[in-house]
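First up is the structure itself, then whatever we jot down about it.
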Amino acid sequence: MKVFKAGAVAAVAAVLALTATACGGSSDKANGDGGASGGAKDKIVIGIKFDQPGLGLKTPDGKFTGFDVDVATYVAKELGYQPDQIEFKQAVSAERENLIANGDVKLVVATYTINDKRKAKVDFAGPYFLAHQDLLVRADDTSITKAEDLNKKKLCSVTGSTSAQNVKTKLAPEADLLEQGGYSECLTGLENKKLDALTTDNSILAGYAAQEKNKGKFKLVGLKLSDEPYGIGLKKGDKDLQTKVNAALKKMVEDGSWQKAVDTNLGPANYKAEPAPQITEGS
């Protein structure tokens with residue numbers, strides 16, 4: 001009887017182990033942390049922009065291109081994930097903190113400027129890029145060399161843009177500000193000479209100007225109307241992940257991959273990027 005009982009106990013233990021394995025073998029999304037935890041690394045979910053050429057763009061054939069995509073792919077590899085183990089999720093500006101807090105993504109790499117308001121909700125690694133607010137004008141336009149030159153001219157940006165309001169209220173109060181639903185509308189107006197300038201982060205402007213269909217049509221004025229340090233957003237308090245991502249960013253700069261990504265994605269617009277910034281988050 002003792003032998004029977006021992007065998008029965010062993011059998012029950014085996015069944016329980018199998019059951020636990022079946023329940024525990026959950027997908028990354030079920031783990032609620034945007035990436036595999038505790039076991040094999042199946043995938044990592046990273047938030048990016050889907051509509052910013054040169055930075056984060058989902059192409060009609062379902063592929064992803066841009067500087068932020070290259071940074072995300074490099075960091076993911078250093079964390080142990082191959083490109084086919086990355087799931088890119090759209091991270092619109094207003095939802096980035098929620099995506100991180102809810103565990104829908106592990107990281108956000110989406111022209112995500114580090115500031116104190118955001119740091120109250122999430123942590124950052126980096127910064128990995130320093131952008132500035134700038135102006136985009138037609139390639140043959142020599143009349144706009146500084147923000148004050150926008151007085152009496154037509155300035156375009158997207159609806160609700162703080163960039164445009166910054167110019168309008170602080171630098172060129174007599175500018176005729178037109179807000180559009182998207183940057184594409186501004187570019188069309190700029191090309192057709194119905195508008196004189198478009199303003200937002202210079203990295204975003206360079207991305208649009210570098211598109212094949214826009215090459216040679218536009219140029220950056222080269223102003224630095226604000227500082228926009230881009231960081232990689234992650235869950236608040238995850239110091240281990242922050243340290244690993246910072247290490248990956250440092251390696252990307254040191255082995256030349258960072259500069260290559262800048263040149264490939266933003267170079268065609270004659271964009272003069274700042275040197276890779278010093279990492280300050282987590283230090």
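The values are calculated or read from the model by the stated rules, or taken from the named source; none is laboratory data. Note that the coordinates shown come from a computational prediction; the quantities given were computed from them, not determined experimentally. Neighbour counts run over all protein chains shown; Cβ positions are idealised from the backbone, glycine included. Calculation scope for accessible area: heavy atoms of the full protein, side chains included, ligands and nucleic acids excluded. Shrake-Rupley method; radii C 1.70, N 1.55, O 1.52, S 1.80 Å.
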*Report yes if some residue within the stretch 105-124 is in contact with a helix residue (DSSP H, G or I) (Cβ under 6 Å, 6 or more places away or on another chain), assigned to a strand (DSSP E or B), in contact (Cβ under 8 Å) with a residue 24 or more places away in the chain and within 19 Å of LYS235 (Cα to Cα); otherwise report no.*
yes
_Odd one out for GLY54, checked against (1) within 18 Å of the chain's Cα centre (by Cα); (2) modelled with pLDDT of 95 or more_ = (2)
*Can you tell me how many residues in the stretch 158-201 are touching a Ser or Thr at 6+ places or on another chain (Cβ under 8 Å), among the hydroxyl-bearing types (Ser, Thr, Tyr) and modelled with pLDDT of 90 or more?*
2
_Looking for something in contact (Cβ under 8 Å) with a residue 60 or more places away in the chain, assigned to a loop (DSSP other than H, G, I, E, B) and open to solvent by 10 Å² or more (accessible area, probe 1.4 Å) - is there at least one such residue anywhere in the stretch 76-88?_
yes
*Within the stretch 247-254, is even one residue closer than 19 Å to SER203 by Cα and not aliphatic (A, V, I, L, M)?*
no
_With the structure loaded, tell me whether GLU281 is open to solvent by less than 70 Å² (accessible area, probe 1.4 Å) and among the acidic types (Asp, Glu) or whether it fails that test._
yes
*Selection within the stretch 260-276 - under 15 Å from PRO127 (Cα atoms) and surrounded by fewer than 18 Cβ atoms within 10 Å (Cβ to Cβ)*: GLU274, PRO275
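Of the residues GLY62, GLY56, GLY66, only one is farther than 18 Å from TYR208 by Cβ and either open to solvent by less than 60 Å² (accessible area, probe 1.4 Å) or free of Cβ contacts under 8 Å to residues at least 40 places away in the same chain (or both); which?
Numbers: GLY56 fails: farther than 18 Å from TYR208 by Cβ; GLY66 fails: farther than 18 Å from TYR208 by Cβ.
None of the other options fit; the residue is GLY62.
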_Can you find, within the stretch 81-132, the residue that is modelled with the lowest pLDDT among those that are more than 13 Å from GLU228 (Cα to Cα) and of a type in the set (Asp, Glu)?_
GLU95
*Take the residues in the stretch 34-44 that are touching a Gly at 6+ places or on another chain (Cβ under 8 Å) and crowded, with 20+ Cβ neighbours inside 10 Å, then tell me which one is modelled with the highest pLDDT.*
ILE44
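If you scan the stretch 221-237, which residues turn out to be among the aliphatic types (A, V, I, L, M) and under 21 Å from the mean Cα position of the chain (by Cα)? If you could, list the steps in order and put the result at the bottom.
We begin by selecting, within the stretch 221-237, every residue among the aliphatic types (A, V, I, L, M); these are 221, 223, 225, 232, 234.
Within the stretch 221-237, LEU225, ILE232, LEU234 meet the criteria.
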*What strands (runs of 3 or more DSSP E) lie completely within the stretch 144-225 and have 2 or more residues being open to solvent by 50 Å² or more (accessible area, probe 1.4 Å) and touching a residue at least 12 places away in the same chain (Cβ under 8 Å)?*
176-180
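For LYS193, state whether it is closer than 23 Å to GLU228 by Cβ and not polar (S, T, N, Q). If you could, list the steps in order and put the result at the bottom.
Values: closer than 23 Å to GLU228 by Cβ: no; not polar (S, T, N, Q): yes.
It is false that LYS193 is closer than 23 Å to GLU228 by Cβ and not polar (S, T, N, Q).
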